[in-house]
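Participant: The structure under discussion is supplied below as structure tokens; questions concerning it will follow.
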Amino acid sequence: MQALKWIRYGAWAAVAILVFVSAAILIGWWQVDGPGRKRTEVATFAVGGPFTLVNHKGETVTEATYLGKPTLVFFGFTHCPEVCPTTLFEISNQLGKLGPDADRLQVLFVTVDPERDTPAQMALYLQSFDSRIIGLSGTQAQVDTALSAYKVHAKRIETESGYTMDHTASVYLMDAKGRFKSMIDYHEDDAAALEKIRLLLNARG
């Protein structure tokens, strides 16, 4: 129970930090100057960048692999007791509600625990969620590079039975060119989350 308490508090603390940053720099993600006028894109925070990882099918991938479609990126781990399965369940439901538009979207689940989350373990875990969700793992160094690129907090916490991971609980919304656009916070209202995803899918540029 103590480990679960740390995960909840740590995850919410990370969310609070990210929400504060995003609020400061993402207000007015896209603005419309007026009826019939051209949309103006607002500068976005430097989140995302180069990485090399292995998907749950054992294939080596990079950030370039996922260019061309908007992408949801979520960092977590398969031994997570609450935050990760809840988030992946919510994403699975959102994909269902999007209907055919869901096929225009990519979803990446990147482990923060490569010691236990091999590609085979990721594949087994993801059987419980929407089949379109892609699991990514790699060496510790490779995962650390991805964590740094996405400004993700991840910390190992020792427990009586082994260890758990404290980590950022938000979902990152990246456009088709790999640019950060917004976030879905842990347990955000489903209607608000869907609206953000639809904005991402319909964004120009």
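Laboratory data are not the source of any read-out in this text; all were calculated from the coordinates shown. This is a predicted model, so every value here is computed, not measured. Every residue, glycine among them, receives a Cβ derived from its backbone with ideal geometry; neighbour counts consider all protein chains shown.
Participant: Out of the stretch 186-205, which residues are under 18 Å from Phe89 (Cβ atoms), assigned to a loop (DSSP other than H, G, I, E, B) and either among the aliphatic types (A, V, I, L, M) or in contact (Cβ under 8 Å) with a residue 40 or more places away in the chain (or both)?
Facilitator: Once the filter is applied, which keeps residues that are under 18 Å from Phe89 (Cβ atoms), assigned to a loop (DSSP other than H, G, I, E, B) and either among the aliphatic types (A, V, I, L, M) or in contact (Cβ under 8 Å) with a residue 40 or more places away in the chain (or both), the stretch 186-205 yields Tyr186, His187.
Participant: Which numbered condition trips up Tyr163, out of (1) hydroxyl-bearing (Ser, Thr, Tyr); (2) part of a loop (DSSP other than H, G, I, E, B); (3) without any contact (Cβ under 8 Å) to a residue 12 or more places away in the chain?
Facilitator: (2)
Participant: If I ask for residues that are buried (at least 18 other Cβ atoms within 10 Å of the Cβ) and farther than 15 Å from Ala46 by Cβ, which ones from the stretch 135-153 would you list?
Facilitator: Those that are buried (at least 18 other Cβ atoms within 10 Å of the Cβ) and farther than 15 Å from Ala46 by Cβ: Gly135, Leu136, Ser137, Gly138, Val143, His153.
Participant: Mind checking which residues of the stretch 156-184 are of a type in the set (D, E, K, R) and under 23 Å from Pro70 (Cα atoms)?
Facilitator: Of the residues in the stretch 156-184, the ones of a type in the set (D, E, K, R) are 156, 158, 160, 166, 175, 177, 179, 181.
Matches in the stretch 156-184: Asp175, Lys177, Arg179, Lys181.
Participant: Let me ask something else. Just to be sure, is Thr87 of a type in the set (S, T, N, Q) and closer than 21 Å to Met183 by Cα?
Facilitator: Taking the combined requirement at face value, the residue satisfies it.
Participant: Of the residues Val152, Val107, only one is in contact (Cβ under 8 Å) with a residue 40 or more places away in the chain, of a type in the set (Val, Ile, Thr) and under 17 Å from Phe51 (Cα atoms); which?
Facilitator: When all the criteria are applied, what remains is Val152.
Participant: Check Phe74 against each of (1) in contact with a Lys or Arg (Cβ under 9 Å, 6 or more places away or on another chain); (2) hydrophobic (A, V, I, L, M, F, W, C); (3) closer than 20 Å to Lys196 by Cα and name the one condition it does not meet.
Facilitator: Of everything listed in (1) in contact with a Lys or Arg (Cβ under 9 Å, 6 or more places away or on another chain); (2) hydrophobic (A, V, I, L, M, F, W, C); (3) closer than 20 Å to Lys196 by Cα, Phe74 misses just condition (1).
Participant: Any chance the stretch 99-122 includes a residue that's part of a helix (DSSP H, G or I), buried (at least 18 other Cβ atoms within 10 Å of the Cβ) and out of contact with any Lys or Arg (no Cβ under 9 Å at 6 or more places or on another chain)?
Facilitator: yes
Participant: Then there is this: What is the one condition in (1) free of Cβ contacts under 8 Å to residues at least 60 places away in the same chain; (2) surrounded by 19 or more Cβ atoms within 10 Å (Cβ to Cβ); (3) outside any helix (DSSP H, G or I) that Tyr125 does not satisfy?
Facilitator: (3)
Participant: I've got another one for you. Just checking, which of Met183, Met174 is in contact with a Gly (Cβ under 7 Å, 6 or more places away or on another chain) and in contact (Cβ under 8 Å) with a residue 24 or more places away in the chain?
Facilitator: Met174
Participant: Looking at (1) surrounded by fewer than 20 Cβ atoms within 10 Å (Cβ to Cβ); (2) closer than 25 Å to Ala176 by Cα, which is the only condition Leu95 fails?
Facilitator: (1)
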